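The values are calculated or read from the model by the stated rules, or taken from the named source; none is laboratory data. Quick caveat: nothing in here was measured; it's all calculated off a predicted structure. Neighbour counts run over all protein chains shown; Cβ positions are idealised from the backbone, glycine included. Heads up: the accessible areas ignore ligands, DNA and RNA and are worked out on the full protein's heavy atoms, side chains in. Shrake-Rupley method; radii C 1.70, N 1.55, O 1.52, S 1.80 Å.
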Amino acid sequence: AEKCGACGPGFASPLDAMKGKSETQGRQGRALCPREEIVYVPCIYRNTGRKKPDFLATVDVNPKSPHYCQVIHRLPMPNLGDELHHSGWNTCSSCFGDATKKRNRLILPSFISSRIYVVDVGTDLRAPRLFKVVNSEDVFWKCNLGYPHTSHCLGSGEIMISALGDPAGSGKGGFILLDGETFEIKGNWETGDKIPPMGYDFWYQPRHNVLISTEWGIPKCLGYGFDPNDLKKGRYGRRLNVWDWTTHTYIQAIDVGEDAAPLEIRFLHNPDAAEGYVGCTISSAIHRFYKTEQGDWAAEKVIQVPSKKVEGWLLPDMPGFITDILISLDDRFLYFSNWLHGDIRQYDISNTRRPKLVGQVFVGGSITKGGPVTVCRDEELQSQPEPFVIKGTRVQGGPQMIQLSLDGKRLYVTTSLYSAWDRQFYPDLVKDGSVMLQLDVDTERGGLTVNSSFLVDFGKEPDGPCLAHEIRYPGGDCTSDIWV
């Protein structure tokens, strides 16, 4: 059939998403969203000294709009100190076959307060409104979990949110399951007595009956900033945790190193793929994980960002600090940010075992000239980068969260990691506020260049400078949609 008569939200395949082609408009129909026009960004006031609630910003990114690069709407949360962090959808392309589903609610877990906010974006895309609050007490009592992080919709219509620990702030890897219609907590997704000691991010691939989660660290330790001594005390994660998708049981741990802290994990978008990548923050390595011929899972290091010998910093060796990664929808390019070194990298992963560096740009970081840090030995650079200035604004902090346009041509970047760590590593970022940047991507040969006309300065917010974090498009994106 030329037209799909019973299709739900999102796109039939990653390549259809990349082309902006919605099945509901027919295979030969016009593009659903040829270019993103607005994005949603959680903005944080916790640890800034400003007694204001976090808010969800709607940002105009349409270059033809008179409000280009401006925050056009702010939805403040009803409480202080939440630490909004990552977000997800009530439904996505995993529900594509269900015509009764709509992508009209954005799920906003609060990393510190453990509240979960449900935001209505369906009534007015440009002016979201609060729909429901799931109280932290419900999360604690019904799941014995706290510190929620990643939210993904499931093909069943349910919503699943990973957690870092238990209500007391000790480490514990588990998952909160929400009803996709009422947004009531249904309980835990995981079953059985065996659970990992920590949690963080996750991705699932039903065709291989697998979910893999990662580990950041013990929440009550993370809350005070980064202490290198915690590495030797087992307070940071070192494993990829493998789950049986059908039985919801924890079946395998893959050790990627004592100083790893594996954060963001991404399978290739092709739902048949049995491999992907994970970014290890403290060790500054990218590991490829894959299914073996025996049917279990393994990992191999495929990229190592060398540390720099420095003076005037916390340690004599400064890691790159890989904090976010993503894969283009055609599974051709891998992108990641080095929050401390200050660069964003693009790798060609046509050969998944041998990524090839094809693009790199510095947009801030801790090693810029004239700062407190002196680089004594550097395996990659001949000199320290210049401070990054755009449209007359000196960018504080380093590149952190990234999001790629569906067509792969624009990479959006924000500079805040987590308020306690922002305050420790980049005090001027907390004082001046973070920014959102946009990089132009060469999708043929590879290459990154800064769009010099694009800057969203969150230092100029009406309630004072704030910390902008993750980026979401109303129509789905490279890090929220999973195809089943």
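Here ASP98 meets each of (1) within 30 Å of LYS142 (Cβ to Cβ); (2) at pLDDT 95 or above; (3) acidic (Asp, Glu) with one exception, condition (2).
Checked against (1) in a loop (DSSP other than H, G, I, E, B); (2) open to solvent by 20 Å² or more (accessible area, probe 1.4 Å), ALA298 meets all criteria but (1).
Residues in region 239-282 that are part of a loop (DSSP other than H, G, I, E, B) and over 25 Å from ASP331 (Cα atoms): 7 in all. A Cβ distance below 6 Å, combined with a sequence gap of six or more or placement on separate chains, defines the contacts here; from region 16-45, residues that are surrounded by fewer than 20 Cβ atoms within 10 Å (Cβ to Cβ) reach residues that are in a strand (DSSP E or B) and at pLDDT below 90 in the pairs GLY20/ALA31. Just a yes or no: is a residue in region 402-416 at negative phi, among the charged types (D, E, K, R), part of a loop (DSSP other than H, G, I, E, B) and surrounded by 18 or more Cβ atoms within 10 Å (Cβ to Cβ)? Yes - at least one qualifying residue is present in region 402-416. When only residues in region 122-170 that are in a loop (DSSP other than H, G, I, E, B) and of a type in the set (D, E, K, R) count, which is nearest to the chain's Cα centre (by Cα)? So, considering only residues that are in a loop (DSSP other than H, G, I, E, B) and of a type in the set (D, E, K, R), the one nearest to the chain's Cα centre (by Cα) is GLU158. Considering every residue within region 200-213, establish whether at least one is within 24 Å of ASP324 (Cα to Cα), without any contact (Cβ under 8 Å) to a residue 60 or more places away in the chain and touching a strand residue (DSSP E or B) at 6+ places or on another chain (Cβ under 8 Å). Taking every residue of region 200-213 in turn, at least one turns out to be within 24 Å of ASP324 (Cα to Cα), without any contact (Cβ under 8 Å) to a residue 60 or more places away in the chain and touching a strand residue (DSSP E or B) at 6+ places or on another chain (Cβ under 8 Å). When region 421-434 is limited to residues that are open to solvent by less than 10 Å² (accessible area, probe 1.4 Å) and in a loop (DSSP other than H, G, I, E, B), the one that is farthest from GLY398 (Cα to Cα) turns out to be GLY433. Considering THR246, THR281, the condition of being more than 21 Å from ASP166 (Cβ to Cβ), of a type in the set (S, T, N, Q) and free of Cβ contacts under 8 Å to residues at least 40 places away in the same chain is satisfied by THR246 alone. So how many residues does region 310-325 have that are part of a loop (DSSP other than H, G, I, E, B) and on the phi < 0 side of the Ramachandran plot? Total satisfying the criteria: 6. Checking SER113 against (1) surrounded by fewer than 21 Cβ atoms within 10 Å (Cβ to Cβ); (2) free of Cβ contacts under 8 Å to residues at least 40 places away in the same chain, only one condition comes out false. Which one? For SER113, the failing item is (1). When restricted to residues that are of a type outside the set (Gly, Ala, Ser), open to solvent by 10 Å² or more (accessible area, probe 1.4 Å) and assigned to a loop (DSSP other than H, G, I, E, B), region 435-468 contains 10. Taking region 350-367 as the range and being surrounded by fewer than 22 Cβ atoms within 10 Å (Cβ to Cβ) and not in a strand (DSSP E or B) as the test, the residues that pass are SER350, ASN351, THR352, ARG353, ARG354, PRO355.
ASP463 - would you say it is at pLDDT below 95 and among the charged types (D, E, K, R)? In short, no.
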